[in-house]
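S.K.: Just passing along the structure, written as structure tokens.
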Amino acid sequence: MRDTTQTHIVGTPALRKEGIGKVTGGARYIDDMALPGMWHGATVRSNIARGIIKDIRFGAGIAWDEFVIVTAKDIPGENCIPLIVDHDQPVLVESRVNHPEEPVVLLAHPDKARLHEAVAAVEINYEPLPAVFTIEESERQKTIVWGEDNVIKRFLVEKGDVDSAWQRAAHIVTGEYHTGAQEQLYIENNGVIADWSEADGLTIRGSMQCPYYIHKALLRVFDLPAEKVRVIQAETGGAFGGKEDYPSMIAAHAGLLSKKAGRPVKIIYDREEDLAATTKRHPSRTRYRTAVDGNGRLLAMDIQVDLDGGAYATVTPTVLSRATIHAAGPYCCENIRIRSHAWATNLPPHGAFRGFGSPQTIFGIERHMDQIAKAAGISPEEVRRRNFLAPGKTTATGQEIRDVIDLPGMLDRALKVSDYEAKHLRFARENATSSPIKRGIGVASFMHGAGFTGSGERYLNSLVGLEADATGHVTVLVSSTEFGQGTNTMLSQVAAEALGLSCEDISVAQPDTQRVPNSGPTVASRTTMIVGRLVQDAAHALADILRGKNLLGEIFSVTEFRAACAAYTECFGALRAEARYQAPKDIFWDDVAYKGEAYPAFAWAIYVAEVAVDTRTYSTQVVNFYALQEVGRVINPLLATGQIEGGVAQGIGYALYEKVVWKNGRMSNNQMTNYIMPTAVDVPNIEVYFEEMPCEHGPCGAKGLGELPHDGPAPAILNAIQNATGINFTSIPLLPEDMYLRMAETPEPDAKETAGCV
Amino acid sequence: MRVMSAAKMHWPEIRFKVNGSERSVSVPPMKRLLDVLREDLELTGVKEGCGEGECGSCSVLLDGVLVNSCLVPALQASGCEVLTVEGLATNGALAHIQQKFLELGGTQCGICTPGMMLAAESLLKNNPKPDLDEIREGLAGNLCRCTGYMRIIDAVRHASQKPLLAEEQAEIDAVRR
Amino acid sequence: MRSNASQYELIAPGSLDSVLALLAAEPDAWTPMAGGTELMVALGAGRLEQHKLVSLWGIDELRQITANDDWLSIGAGATFTDIRQNAIVAKDFPLLARAASWTGAIANQNRGTLGGNIVNASPAADSPPVLLVYEAEIELVSAQGRRRMPYSEFHLGYKRTVLRPQELVKAVHLPRGRHLPVEYLRKVGTRNALAISKVALACVGAMQSGKVSTVRIAAASLRETPARLSATEAALLGHALTPERIQAARKALLQEVKPIDDIRSTANYRAHVAANLLEEFLEQMTASNSKTRS
């Protein structure tokens, strides 16, 4: 392992590779593009939650012969978007509708302005069926809407012996916690251009995270061989998980229209459609029953995790997996049981959003730790200190912590930079006066696993390529996409570091399935650690190829590298190296028993939130935020800081602002004026601190950090609110109306309140 | 690249100046300025994020004043001067605000960046040395989902060339280290 | 974009007289549009039912802000930015400058007009409660002439006003020299900017000899229209602000408001918070009382 102090490019704030296009307006997003002869597409969607289609009528007043019309009958291959559960989610409804906004009919026309009227003129008549809209309704199993029992997925994690621990407990603390749906709200709406030709097959350009997911889906939908489908990522304006799987659906739609129209078709969602029809974060309910000894140490945890998956499985099994594995927090406990279920409802399927199940359960455990602290009569920071994982201890799945992690030390530093103790005292003093503003400070500690769970990376079997041309310019070939988080820059830095070049000598090829190998999806905080490592390996392999022809020594200069590339390409042709994922030898995962090393590495964090609660308006302002995390090696401190700040802002939205208002299974507040995300005057100053303990798996010791910052803010904020008001709020988003209801019921904070409610 | 309209109608010309050049378009008077800029003038740097005047991605300067171009009908831009992101750089050299956004991490996915920089330009024109609260207020109508606004505020602060306090400089150095 | 722009007409006659002549000649045919911050949202959402629009933008006569000793006159076409930047508004009518600064964000303020906001007649609008407590008058104009009335008479019911089809709002007039020592305005929105009001309270008042000598209270989002809370005022006028009196005023407010549950908030929250805002204002009144006494 290279000594970290010796890196020249890794660890520096190299400029964003594609930044110039972004600041000049030259960057081309999908709606900035058009192809010759292109038409526009639109989607007719169901307006009931569940039922059977009786008929579809095309109303009067529209020149239907000008339109291309596609229904499920037009699908050449299979009518499904395969993800984890096959034959589940259809591309277009054939007869059974399972959620509002489900796609039924597609229309295309040369004039975009004509589409909306036409969509409105398609009348669908249904025979409605009973629907379920919540976890509670689904688990009653009175109405079965999916499979045999509404259960999309279940997990059972067992460690030690939970049941015998209760009698030894000094305190038994129970709590139930709820999180709502959350919209990713990328500022660029979803969009795709499909171009079908009989000769070449189907080419898709679009806003996306995972070109190979789309590729795989389209092979099935169009019954085409791999070389007849080509997927190209356009500049993508934000994703956060919201463009992990839904673009496959849009690509299939645009492809069907293009095939039938015999010309390219562009589908761009407007904000109302994107909000109502595409995926959201899974709502959750977590239940904790914990046995604690007289010193506040965890003896046993009995945890139930329930997610609302929406109408189809899509990514839900993996979201549940991550939620399950993170549910016990960064704590030592010999006896743990986690029973988790993902329930089907008749909502549009929920999907990936930064954190992918862990914000839900980390909310639960971190709220719960504060209740344990109360019951045990110790402070929230002390209860954590007494229970933290440490090297040699094991997680809920029995994974031994090998990171030389010092959580108590991190906690100390987080408390210091946030001036926690002094503020805690001052707020207690000030809150006792009659001022309507009550201040509070709260902590959350958590970890987030990098990469796919268990054998997931082995299954992905990622491949990365590196090419060098005659001038020594290197091109990185990956399917990993840039959507603001810094993929292009980070991979350039890694490659440059490995070859002793500068960032300007490296390009990252546009992800195009015709050109780049499948390095896996851009999800799961894996791009730096897994793909970055492969890029580093491929760079070393490239140098080895040159060494193999005696064109390069062990150590080489830039000039020597360039000369070697020139010589090699002249004599031997294309200069290209590849690296394929190798599973670490000492990672063992049992997928059946759900035990073992869930992730090769974790990032660790302590977040502190400071709030001011206005008891006149029941609104909470986050006044300061401190985010301290250990992430291995920071490849680019400017980009990494930006990731943490952005994730914290989303977490603040999750906690206090972002509510999806459901009406009969449909998002009724599907406008930006009514789905509230924080503005520049709502987000506080966020202080970011990095600690670096190089990890053997990532390039130069890096781990993942993309999702980590969304895990901690919500529980830290609600812990701070409890500190400020004395009230244990257990459900997010916590809107002023919710706080008012609770405070109007119990005007005086209950100082003796012990652990929450069941 | 223009997409063909199914119906060719003759609309009276609307003339206005865009990024310093005289332009003239023949479009329905109620066509959104956003669509005129993107479709008729191929200035795709102006973005549509919401179509309801909430996100600010479509922000342009209209006679020097920040507006949401999704809410301006073409006819009302007649005789006006429009500045879009494409008009910020001069002779290929990035404007100061663009340079700061690039250097200081003010752009991540980039979709809010054009509107955000124009909002910053408008702010700094009216208030050359804004404090942090004034910067936040000046950007309040431009939503960013990626950055949490911190690096953007930093970029604007630097662009205002406000002399930095010693602790502010140290903070920047710490991040950039 | 859910409308076909080619199905809409927009003309710009360019002067107040020509617009009024058009409205008189073709009653009910043309919808006036100022900055477009309401109507263009409806266009984008596919729900702009009026297809013939006449532009008021750029008619300087409508955009003037002028003052004499007795009145400040704000043209209906003045934008919220114009209002914020006006020195007399800032000095004599600070609540109006504040309300303008809370309307949307900068880009909306640069295009949204006072007249457009008033005619749109949303009960949640930010400026109307301020106009009510400042006892503004509103001037309407048509080809037939002008009429002027207290702004409090302008709103009839939910999104219904006295405006006749051929009429435009010409100006809003604020009486000068009636400055009161206590001025209060608070808006509670979904966030700190770009927020539609859940509830807002505008209050002005004065104490004399330990009693409330003048008080005017108006609210947004508590009734079908922007409204003066006259029962609450009556509960306060002439009384000392004892704890019992404050409770009585709270009670009067809770009884006279009729907020609703909607997508943004709940009736109970709105009412209860309004009562809290009232208390906050009354604290300021009490503080002003002790100042004058010392």
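The values are calculated or read from the model by the stated rules, or taken from the named source; none is laboratory data. Everything quoted here is computed from the prediction, not taken from an experiment. With ideal geometry, Cβ positions are generated from the backbone for all residues, glycine too; neighbour counts draw on all protein chains shown.
S.K.: Among the strands (runs of 3 or more DSSP E) lying completely within segment B:41-87, list those that include at least 2 residues that are facing another protein chain (nearest Cβ under 7 Å) and crowded, with 24+ Cβ neighbours inside 10 Å.
M.R.: Here the list reads B:65-68.
S.K.: I'm told B:Met116 meets every condition in (1) more than 12 Å from chain A (Cβ to nearest Cβ); (2) of a type outside the set (Gly, Ala, Ser); (3) in contact (Cβ under 8 Å) with a residue 60 or more places away in the chain except one. Can you identify the failing condition by its number?
M.R.: (1)
S.K.: Which residue is farthest from A:Thr324 (Cα to Cα), if the candidates are limited to segment A:341-355 and must be aliphatic (A, V, I, L, M) and touching a helix residue (DSSP H, G or I) at 6+ places or on another chain (Cβ under 9 Å)?
M.R.: Within segment A:341-355, the subset aliphatic (A, V, I, L, M) is A:342, A:344, A:347, A:352.
Remaining after also requiring touching a helix residue (DSSP H, G or I) at 6+ places or on another chain (Cβ under 9 Å): A:342, A:344, A:352.
Working: A:Ala342: 11, A:Ala344: 17, A:Ala352: 15 Å.
In this case the residue turns out to be A:Ala344.
S.K.: Now for a separate question. Can you name the residue in segment A:79-130 that is touching a residue at least 40 places away in the same chain (Cβ under 8 Å), more than 27 Å from A:Lys142 (Cβ to Cβ) and of a type in the set (Asp, Glu) and, of all such residues, is nearest to the other protein chains (Cβ to nearest Cβ)?
M.R.: A:Asp111
S.K.: Is at least one residue of segment A:169-179 touching a His at 6+ places or on another chain (Cβ under 6 Å), away from every other protein chain (no Cβ under 14 Å) and either surrounded by 24 or more Cβ atoms within 10 Å (Cβ to Cβ) or at pLDDT 95 or above (or both)?
M.R.: Within segment A:169-179, one or more residues are touching a His at 6+ places or on another chain (Cβ under 6 Å), away from every other protein chain (no Cβ under 14 Å) and either surrounded by 24 or more Cβ atoms within 10 Å (Cβ to Cβ) or at pLDDT 95 or above (or both).
S.K.: (1) over 30 Å from A:Lys159 (Cβ atoms); (2) touching a residue at least 12 places away in the same chain (Cβ under 8 Å); (3) buried (at least 16 other Cβ atoms within 10 Å of the Cβ): which one isn't true of A:Arg576, the others all being true?
M.R.: With respect to (1) over 30 Å from A:Lys159 (Cβ atoms); (2) touching a residue at least 12 places away in the same chain (Cβ under 8 Å); (3) buried (at least 16 other Cβ atoms within 10 Å of the Cβ), A:Arg576 is out only on (3).
S.K.: From C:Lys198, C:Lys170, C:Lys159, which residue is closer than 21 Å to C:Thr232 by Cβ and of a type outside the set (A, V, I, L, M)?
M.R.: That would be C:Lys198, the only listed residue that is closer than 21 Å to C:Thr232 by Cβ and of a type outside the set (A, V, I, L, M).
S.K.: For C:Thr225, indicate whether it is in contact with a strand residue (DSSP E or B) (Cβ under 6 Å, 6 or more places away or on another chain), β-branched (Val, Ile, Thr) and part of a loop (DSSP other than H, G, I, E, B).
M.R.: yes
S.K.: Moving on to the next point. Restricting to segment A:653-664, name every residue that is surrounded by fewer than 23 Cβ atoms within 10 Å (Cβ to Cβ) and either touching a Lys or Arg at 6+ places or on another chain (Cβ under 9 Å) or closer than 28 Å to B:Asp131 by Cβ (or both).
M.R.: A:Tyr657, A:Val660
S.K.: Kindly evaluate B:Glu86 against the criterion of being more than 30 Å from A:Ala239 (Cα to Cα), at pLDDT 95 or above and of a type outside the set (Ser, Thr, Tyr).
M.R.: no
S.K.: What's the total number of residues in segment C:81-112 that are within 12 Å of chain B (Cβ to nearest Cβ) and of a type outside the set (D, E, K, R)?
M.R.: Residues that pass the stated criteria total 13.
S.K.: I've got another one for you. If only one of A:Ala49, A:Ala42, A:Ala34 is outside any helix (DSSP H, G or I), at the interface with another protein chain (Cβ under 8 Å from one of its Cβ atoms), touching a Lys or Arg at 6+ places or on another chain (Cβ under 9 Å) and of a type in the set (A, V, I, L, M, F, W, C), which one is it?
M.R.: Result of the check over A:Ala49, A:Ala42, A:Ala34: A:Ala34.
S.K.: Next up: With the requirement that a residue be more than 21 Å from C:Val41 (Cβ to Cβ), within 27 Å of the chain's Cα centre (by Cα) and within 14 Å of another protein chain (Cβ to nearest Cβ), what does segment C:1-18 give you?
M.R.: Of everything in segment C:1-18, just one residue is more than 21 Å from C:Val41 (Cβ to Cβ), within 27 Å of the chain's Cα centre (by Cα) and within 14 Å of another protein chain (Cβ to nearest Cβ), namely C:Gly14.
S.K.: Output the number of residues of segment A:668-678 satisfying the condition of being facing chain B (nearest Cβ under 7 Å) and touching a helix residue (DSSP H, G or I) at 6+ places or on another chain (Cβ under 8 Å).
M.R.: So the answer is 3.
S.K.: What pairs come out if I take residues in segment A:628-645 that are within 9 Å of chain B (Cβ to nearest Cβ) and closer than 16 Å to A:Gly355 by Cα and pair them with residues that are at pLDDT 95 or above and in a strand (DSSP E or B) whose C-beta lies under 6 Å away, six or more apart or interchain?
M.R.: Final answer for the pair search is A:Ile644/A:Ala627; A:Ile644/A:Val688; A:Glu645/A:Ile686.
S.K.: Scan segment A:600-621 and give yes if some residue there is in contact (Cβ under 8 Å) with a residue 12 or more places away in the chain, surrounded by fewer than 24 Cβ atoms within 10 Å (Cβ to Cβ) and either under 30 Å from A:Ala311 (Cβ atoms) or within 14 Å of chain B (Cβ to nearest Cβ) (or both), otherwise no.
M.R.: Yes, segment A:600-621 has at least one match.
S.K.: Right, something else. Residues of segment B:28-40 being more than 8 Å from chain C (Cβ to nearest Cβ) and either in a loop (DSSP other than H, G, I, E, B) or over 18 Å from the mean Cα position of the chain (by Cα) (or both), which ones?
M.R.: The answer is B:Asp40, and nothing else.
S.K.: Given the conditions (1) free of Cβ contacts under 8 Å to residues at least 60 places away in the same chain; (2) part of a loop (DSSP other than H, G, I, E, B); (3) of a type outside the set (Asp, Glu), and given that A:Pro13 satisfies all but one, which numbered condition is not satisfied?
M.R.: (1)
S.K.: Turning to a different aspect of this structure: Looking only at segment C:254-266, filter to residues that are more than 20 Å from the chain's Cα centre (by Cα) and either part of a loop (DSSP other than H, G, I, E, B) or more than 14 Å from chain A (Cβ to nearest Cβ) (or both); which one of those is farthest from C:Ala219 (Cα to Cα)?
M.R.: For segment C:254-266, the residue satisfying everything is C:Ile263.
S.K.: Mind counting the residues in segment A:94-145 that are of a type outside the set (D, E, K, R), closer than 30 Å to A:Gly37 by Cβ and part of a loop (DSSP other than H, G, I, E, B)?
M.R.: 2
S.K.: Another question, if that's okay. Which condition breaks for C:Trp57 when tested against (1) within 10 Å of chain B (Cβ to nearest Cβ); (2) surrounded by fewer than 17 Cβ atoms within 10 Å (Cβ to Cβ)?
M.R.: (2)
S.K.: Can I ask one more? Given C:Ala200, C:Ala206, C:Ala218, C:Ala235, which one is more than 14 Å from chain B (Cβ to nearest Cβ) and part of a helix (DSSP H, G or I)?
M.R.: From the options C:Ala200, C:Ala206, C:Ala218, C:Ala235, the qualifying one is C:Ala235.
S.K.: Return the pairs, sorted by first residue and then second, in which the second residue is of a type in the set (Asp, Glu), the first residue lies in segment A:152-164 and is over 13 Å from A:Thr394 (Cβ atoms), the beta carbons are less than 8 Å apart, and the residues are 6+ apart or on different chains.
M.R.: Cβ pairs passing all conditions: A:Val162/A:Asp302.
S.K.: Of everything in segment B:133-152, what is part of a helix (DSSP H, G or I) and more than 14 Å from chain C (Cβ to nearest Cβ)? Give them in sequence order.
M.R.: B:Met150, B:Arg151, B:Ile152
S.K.: Find the helices (runs of 4 or more DSSP H) located wholly in segment A:622-730 whose residues include 1 or more that are over 28 Å from A:Glu745 (Cβ atoms), and list them.
M.R.: Numbers: elements: A:637-656, A:708-711, A:713-725.
Once the helices (runs of 4 or more DSSP H) in segment A:622-730 are filtered for at least 1 residues that are over 28 Å from A:Glu745 (Cβ atoms), what remains is A:637-656, A:708-711.
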